[in-house]
Structure formats: structure tokens, C-alpha cells
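One structure is given here, and the rest of the page talks about it.
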Amino acid sequence: MNEWCFWGYMMLLAGSGVWLTVKLVAGWMQQRRRPRQQLLLQRSAGELVQGLLEESPRPLSVEHTVHAQQLLAELVASVHASLYGCAPAPLTRKLEQRGVDRWLVRQVKRSRGLKRAWALKLWGDLPPMPRVEPACEEWLFDPSPEVRLSALLVRISAYPQDALRLVASCDKPMTLCEVSEVLHLLRRRLLPIAYQPLLESRNRNLQRLGLLIVHEFSIEEADEGLLRLIASTEDAELSMAALYTLCALHRPLRGKAIRQCIERLTAAERGVLMRHMAREGYAPAQVKRLWSERQRVRYEALVETYKTTLVWS
Amino acid sequence: MVLIWLLLWLMAVAVLYGWRKREEARQRRRWLDRMHGARNGTFGLGLSLLVADGVDEERLVRLLGVEYDHLEVVAVVDGGCEALLIERLMARYHLIRVSWHPSEEFAVRGVRGLYRSRKRRFRRLVVLDCRAEQPAARLDAAADVASYDYLMPLVGGREPLKGAVERLVTELALRPLDSVDQICLLPTFTTLVWRRTALVRVGGFACRPLSVVAAPHRILLWESPLRRGGRRKVRMRWSVVGAVTVLLVARSLLVGQWYPLIVGLATLGWLALVWLRLRQLDGELQPL
């Protein structure tokens, strides 16, 4: 028994020790390369932008280093995120010349879990690469939520005209992060996004996307749509999000719908809303009809903590 | 003898599990760093950094340099001892003195004054002149005046690492709104972020948090987003494990048993490898 325990334990230590040593050595080598890679990336960013401006592709410093394909993909993703209105074809050509598209597909297929999610997210941040088909159907149903989100973003990145259909077809309510990533992609592709049909839609995810568009672009004309969502009692979370969006736009908080929405809140939620309104700069007179007498006193005290008292002597 | 083998196996499995989780946390960090919502300020989720001790200008400059729009730094200073510091901060950040009214949410005493920077939103600085002696009381005073819903207490000189605030906010945004009350760090069980309503419910920072927040409303992280956070406790744990192993090795040397000697030396060497790898992973994180 002693011997079995001994040998079993030693095998465990030996196996995990070998794996730890491999990771340590790989990490140490990566640490040594990192300063030089950072320098090459900075230089290559300038070279890439210069090549785009002059419309003449030039070789990049980062193409002749270890992990060139990964570095090139990250470089192009960061440059692509900073460009607006430029045709992505030169960047796509650069990626295809170095085989980055095929490298990415291999990375996605070989890895699992968060590594796969990272590779997919990097793919989604790159300009469209027509040589590889973003056949993400299997990954759209992956058990990992991170992989599912990244696969959705790859799909939208390749086919932005299908974005709303894909968002509407998600069976679970999308979180704030997921909707904001979709919005970021849609902004990158410069698709015109009409917020009204989204707010009026019956699909919760499309409504969330519409709210985020209104908030992001400070669309003050969206009052009616927001009030309609606030008045709706089907989804309390959506109503609250609409109310907070209205506050963020500094729109007047009047009307029966808003009062009824606030009445449905718990005391803690009302406290949070009060604090939010005070931070957004709503004067007590503007919101006095929303609160009871006691709450009005509390709100005034809260607003006082944002104002200085001038004493005239 | 069976008990010792059982303990050794459990120790090895626990350490391997912790190491595995740490590697996964690194992968998650790389994935979160590719998210754009926090950098674009799209979330609208605000975070208040509560600095209860060790307030100085350099530290505030670093904290206010965090590139997240909806961030606030609430610094608690004892004006009785550090009046000059408050004057310097007022001059540097053009703070205005505002009225302070105690809320009913926290038991706060000893507040002499409240100062806010003139920026309406975006990385605001709040300085609270408070006489409280206990760190928990100072944190409660800071939480009382914080504007945002999520509070991150920074005690013992801790500061968030580069990109840590954005990652924490992204973690919050990846869950349904208002479903997260607490973000905790494993294995030290340090609370990193509190939701204000949950903190009020448990009675402030003097509470014992893990006994009161339900698991579905908690996010557990395996990688610390803070610099100089809980290292002393982790070092103590490693020292205890190492000391026990050294004692076993010494004992077996004295009595001439070779099984425990080999096991002890192999365990020490293996623990050293794990420690080196964890240090290497920590080295990837940059300070502000």
C-alpha cells in the first residue's frame, strides 16, 4: 500500500512537474522577447499606417520575428480599430499574404475554452477575410458563453447585414457587455442603425440594442420610444434601463409612466435611482413630483452634497 | 501513515487545482482585454475607489490616471493631522467644499468637511475630512459619499493594476444588470468590489461578507487585480507548507528513513516550481 501511494504520488509530481517546467521555460522565453516585440509593434504600426496613406504596401518589421502571425493579427486589429471609413482591402491583403487567416482558423480549431474565445475575438476584430469562411455555427452553440459571444461577433463582423437577425435569434437575454460589443462592431462597419424600429421591436435583445444606441449617441429625440418602454410592465429590467437612459440624456422626467415605474421599485432601488439623478444634475424642483415628502427631503440633502454654499457677508 | 499520504495527495491536488485556475484566469484576462465596451465607456457602470489610508498626491495621481470614464476616487483624510495635504489637494484639483449630510445607510461620525472636484463626471476626486480611527469606519464614511453603485475599497496601500478596473467592470457587464453584489478574490477571500445596496444590507465594511452574500450574486476571481494585495497572507501560507515539508525532511534524515526524505525533497522542489510559475504569471501584470 505504501509503495503504491509512493509511486502514485511521485508520478503525479513528476508529470505535473514536467508540465510546469515547460510552462516556466515558455513563459521565461516570452518575457525575454516581449520588450523587442513591443518595439517592433510600435515601429510596424507606423510602417503600416504609412503604407496605407501612400497606398503602397511595404514589409513590416514584425513580420520577421517569432510568433509573427499572432503579432501581425494583433497589430492589424489595433490599427483597424483606429481607422474610420477606410477600405479594409489593403489590411486584408496584408493578412492573407502572411497566412494569418489560415493561422487563425487553426488556432480556433485546436484550442478550447477561453483560448478559443480569445482567438475568435481576435478574428472578429480583424477586417473581413474572404478566403476563410467564418463557419461559426458549431461555435455559436459551444458550452462556453465566452466562445458563443466571440463566435457571434465573428459572424457579425463577416456579415454585418445579418447583425440584427443574429441578435434577435439569441435565445437568452443579452448582457450589457454583449450588446455593447455588437454596437462597437456595427459602428466600425458604418452601418446606418435606425434606433426607432429597434425600440419598437418585440424582441428584448433588439430593444436593448436600441437603448444602447440611444444612450451612446445621446439621441434626445428618442423620448417617446423610451417612455413607451418605461410604461411597459413586461420586463422590469428593460423599463429601468430605459429610465436610466432618459436620465443620462437629461430629459425631463415627467409623466405618469415614470411615476408608476418608480412606484414599482423597492426602497433600495429608489435610493440608487435618486443617487443617479443627483449625479446627473437634476435639481430637486425638476423631480419633486416623483418622490414622497420624505424622499424629497432626502433628495435635497443628496443634491446639497454636490453644491457649494456661498456665504455673503 | 495512510493519513499522511492522504494529506499529501490532497495538498498536491489542491495546489494543482489552484494553479490550473490561475492559468485559466490568465486566459480570461487576455480575452477580457480584447473587449471594447469599457474602453469606449459604453457600459455606464460607475466604480468608486475608496482610499481609506495612505493618501498622498502621487497615489491619487496614479488612481486618477485610470483610463475608465465612470470612475471616482474617494479619499479619506484626517484634517486634524493632515490639514496641509487637504490644502494642497484643493489647490491642485480645484476642489470645492460642499455640504455634507449623513445618509441613513451608514453609521458615520467625525466628518469635518467634504470636498469635490469640479468635473461633473469622468474621473472625479472626492476628499472627505474625517476623524475616524478604524479603517472600517473610514471606509464606511467614504462609501457614504460615493456617487457610484460599485465600491472598491483600497486599504493597505493597494492599487488596481493596469487595465484591472476595465476588466472588473467588464466582468460586471457580462452578468445581468444588478445581479452581482460582490466580487471576491480566491484563495485569500478578499472582497474586491461591493455593490452599494448589498453593503448597506450587511451593515458596512465591519461585517463578515462571505457569510452574508449568496453565491449566485458573487463573482469569484483567481487573479488579483490589485498590487500589493494579500501577499503577506499568501507568503505565510507558502511558508507554512514549506516549513512542514522541511520538518518532515529533517525528521526523516535524523531517523534514517529514505521514503519520507525522497517524498519531502520532491514535494519541496515541486512546490518551488509552482511558486515560480505563479510569480511569473504575476509578473505579466503591470502596475498603474
Of the trypsin sites (Lys or Arg not before Pro) in segment A:178-248, those whose Cβ has at most 11 other Cβ within 10 Å and which sit in DSSP loop: A:202
Long-range tail of P(r) for segment A:83-127 (Cα pairs > 12 Å, %): 63
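Sequence gap at least 6, Cα distance under 8 Å: using those rules, report the relative contact order of segment A:109-239 to the nearest whole percent.
Dividing the mean separation by the residue count of segment A:109-239 yields 18 percent.
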Convex hull volume per residue for segment A:21-69, taking Cα atoms only, in Å³: 60
Cα-centred dipole magnitude for the protein assembly as shown, charges only on beta-carbon of K, R (+1) and D, E (-1), debye, nearest 20: 940
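Could you tell me what a quarter of the Cα convex hull surface of segment A:189-240 works out to, in nm² with one decimal place?
Orientation-averaged projected area of the Cα hull: 3.6 nm².
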Crossing angle, helix A:2-54 versus chain A [Cα axis fit, 0-90 degrees, rounded to tens]: 80
Square roots of five times the Cα gyration tensor eigenvalues for segment B:40-227, Å: 25, 19, 15
Set A:109/B:21; B:21/B:162; A:94/A:121; A:23/A:94; A:172/A:288 screened for pairs whose C-alpha atoms are more than 30 Å apart: A:23/A:94; A:172/A:288
For segment A:48-158, convex hull of alpha carbons as volume per residue, Å³: 94
Shielding of A:204-217 by partner chains, average beta-carbon count, 10 Å: 1
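How high is the relative contact order of segment B:40-227? Use alpha-carbon pairs under 8 Å, at least six apart in sequence, and give a whole percent. Working shown, then result.
Working: 344 pairs, mean separation 45.3, N = 188.
The value is 24 percent.
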Shielding by partners, peptide A:168-177 (average Cβ within 10 angstrom, other chains): 4
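Quick one: dipole size for chain B, taken about the Cα centre, charges +1 on Lys/Arg Cβ and -1 on Asp/Glu Cβ, in debye to the nearest 20.
Using Cβ point charges on Lys, Arg, Asp and Glu, chain B gives about 520 debye.
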Length-normalised contact order of chain A in % [C-alpha pairs under 8 Å, at least 6 apart]: 8
Cα-centred dipole magnitude for segment A:47-197, charges only on beta-carbon of K, R (+1) and D, E (-1), debye, nearest 20: 280
Helical segments meeting 20 Å axial Cα length and Kyte-Doolittle -0.5 threshold in chain B (DSSP H): B:2-32, B:231-255, B:258-283
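Can you give the average number of partner chain beta-carbon atoms within 10 Å of each beta-carbon in peptide B:169-176, as a whole number? Before the final figure, lay out each step's value.
Numbers: counts 2, 4, 1, 3, 7, 7, 3, 6.
Partner Cβ neighbours, averaged per residue: 4.
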Loop-located GluC sites (Glu not before Pro) in segment A:46-136 whose Cβ has at most 16 other Cβ within 10 Å (DSSP): A:55
Net +/- balance of residues flanking residue A:144 in space, Cβ distance below 9 Å, scoring K and R +1, D and E -1: +1
Cα gyration tensor shape for segment B:15-69, rounded if a/c is under 1.5, else prolate or oblate: oblate
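So which chymotrypsin sites (Phe, Trp or Tyr not before Pro) in segment A:134-216 are both in a DSSP loop and have at most 14 other Cβ atoms within 10 Å of their Cβ?
On the way: sites: A:139, A:141, A:195; in loops: A:141.
In loop regions of segment A:134-216 (DSSP not H, G, I, E or B), the sparsely surrounded chymotrypsin sites (Phe, Trp or Tyr not before Pro) are A:141.
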Stokes-Einstein D in µm²/s, Kirkwood radius over Cα pairs - segment A:129-257 at 20 °C with 1.002 mPa s viscosity: 138
Shape metrics for chain A, restricted to C-alpha atoms - Rg then Dmax, Å: 26.5, 91
For segment A:92-160 and segment B:167-184, distance of Cα centres in Å: 26
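As a test of understanding, state the convex hull volume per residue of the protein assembly as shown from its alpha carbons, in Å³.
Measuring per residue, one finds 198 Å³ for the Cα hull of the protein assembly as shown.
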Globularity index of segment B:28-134, i.e. its alpha-carbon radius of gyration over 2.2 N^0.38 Å: 1.20
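Just so you know, all these numbers are worked out from the coordinates, no wet-lab data involved. In this text the structure is predicted, and so the values were computed from the model without any measurement. Using ideal geometry, Cβ is built from the backbone for each residue, glycine included, and neighbour counts are taken over all protein chains shown.
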